[in-house]
Structure formats: structure tokens, C-alpha cells
Amino acid sequence: MTDGRLAALLGATLRQERESRLLTQRALASRAGVGQASLARIERGVQTPSLALVERLFAAMDRQLTIGVEDLDAHVDRLLAGAGTRPFADRLGDTDVARFRQRATGISYVFDGPTAALLHGVPVPAPGVHVVLLWSEAAAVTDWLTRMYARRWYDKWQEYGHLPVDPREPGAHRWRTMAGEIHARMSDEVPERIEIRHDGETYPVVPLTEVEIADPHTADLLRRYRQLRGARGDGHPATD
């Protein structure tokens, strides 16, 4: 488990326990003898607390944290298995694809990464929307992001902030906007694409084979999905 995922899990668990007890951050921070700002960073997964601080925070709510072990990335397998039981429309509804399509005017895009895999019919976790955008349209993309009141992802603090949204400026190509949470892969040319239709709508999508080459994270999700299908005897792995 990476430090980032551990911090996120600890933060989410702590926040869930606090909210279930109707405690404000200020109240819990006071009980545990920690600053509210530090507690806020811990709950956001930005700060990894020491074990002593973790014990103190949960003890302030008459709780204690237990530790268990599981196969590496077993949580991903659970997500994949659970997604496979839900209708496609529901899985698509969990993303920002519809909102993005309604508002993405004046820019060229092709769906990429886990969004592309989802549109191909593979039940992978695909929050937000992943797209390929063109460097040649960087100015138009910047104008569009500005109109969408975008905030850019700041790796140092692991949160969205008021950084320059222009993709030519240093920073992750990831923004939170009125059109959803955008994860972009910038390209010098329009990538190979196919058209996929769902419920009368057409989606420009990067082929799965190309997604696996360009996106190691999605390639790993696809590999794990195919292994799960093979273990259940569901037939051949998903392909284009």
C-alpha cells in the first residue's frame, strides 16, 4: 500500500467516525489536543499522522483502530466485482461523462483511460472523465477551462487549488470544473479512435489496445478484470 492510499484510507475512516458521532472537526480536535487545520489535512488524506496521533484521535471518540491484512490491491478486485453486477447506465452515471459532453464545446476530445474502458463495456472504476486533448488547442482548452471555473490539481498538497489552468503551464493535467473532474492526456495529434454507441449516443473512444499502451493504471485494471473473469469462468476477457 502506498503512503498516499494509506493516508486517504485513514482520513476517510476518521471522517466517517467523526460524522457518525455528529462531531465537528473543531470539537474532535479539541478533544484530541490537535489543531483543527491538522485534523482537516488528515481527513483529506493530505497528511499521514503518526500512530500515536491516530490512537489519540480515535480514543477521543471512544474508538480504536484495528489492523488487518489482505492480498495486495484486493480492494480493487472488490470494486471490479461489484461494478460488474450493476447495469451499464448506472456505471456510466457514476462518472462525469454526461456533464462533460453537454459542456465541452469548442474543444476536440477523445475519451481515454478508464473512461474509454468503461465505454467499451468493461466495468472498471472510472470516476470523473478521462480524455485526450490536443496541444494545438491549448489556448482553446485554457479558455474553456476558465469558462468552466476550473481549479487545477496541486500534487504537493494533493488537492485542487487556484493554479494556472493553462495545460502549457507546469502541473498535472487534471482539473475540477463545472463540467466535472477532468483527467487529460495531452497529445500532439488526434489519437486513433473508434465510435461507440450507447442508447442512441455516440462516443469517440480510444481503442482498448491503445489505452493499455498509453495508460499503465488502466492496463492494470483491465488485467485484473480479465483475471477475475477467468477465475469465475465467465468466458473470454473483454476485448475491442
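The values are calculated or read from the model by the stated rules, or taken from the named source; none is laboratory data. Note that the structure is a prediction, hence the values are computed from the model and not measured. For neighbour counting, all protein chains shown are included, and Cβ atoms are generated from backbone atoms with ideal geometry for every residue, glycine included.
The figures follow:
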quantity: Scope region 137-161; condition loosely packed, with under 13 Cβ neighbours inside 10 Å and either in contact (Cβ under 8 Å) with a residue 12 or more places away in the chain or more than 25 Å from Ala8 (Cα to Cα) (or both); matching residues; calculated: Ala139, Thr146, Tyr149, Asp155, Trp157
quantity: Criterion (assigned by TED's automatic domain parsing to the domain that holds Asp94, buried (at least 16 other Cβ atoms within 10 Å of the Cβ), closer than 29 Å to Asp220 by Cα and of a type outside the set (A, V, I, L, M, F, W, C)) met by exactly one of Pro127, Pro114; calculated: Pro114
quantity: Pairs with Cβ under 6 Å, 6+ apart, first in region 15-42 and touching a residue at least 40 places away in the same chain (Cβ under 8 Å), second assigned to a helix (DSSP H, G or I); calculated: Arg18/Leu28
quantity: Selection from region 94-109 of residues that are surrounded by 14 or more Cβ atoms within 10 Å (Cβ to Cβ) and hydroxyl-bearing (Ser, Thr, Tyr); calculated: Thr95, Ser108, Tyr109
quantity: Selection status of Gly161, at positive phi, in contact with a strand residue (DSSP E or B) (Cβ under 8 Å, 6 or more places away or on another chain) and in the same structural domain as Arg86 (by TED's automatic domain parsing); calculated: no
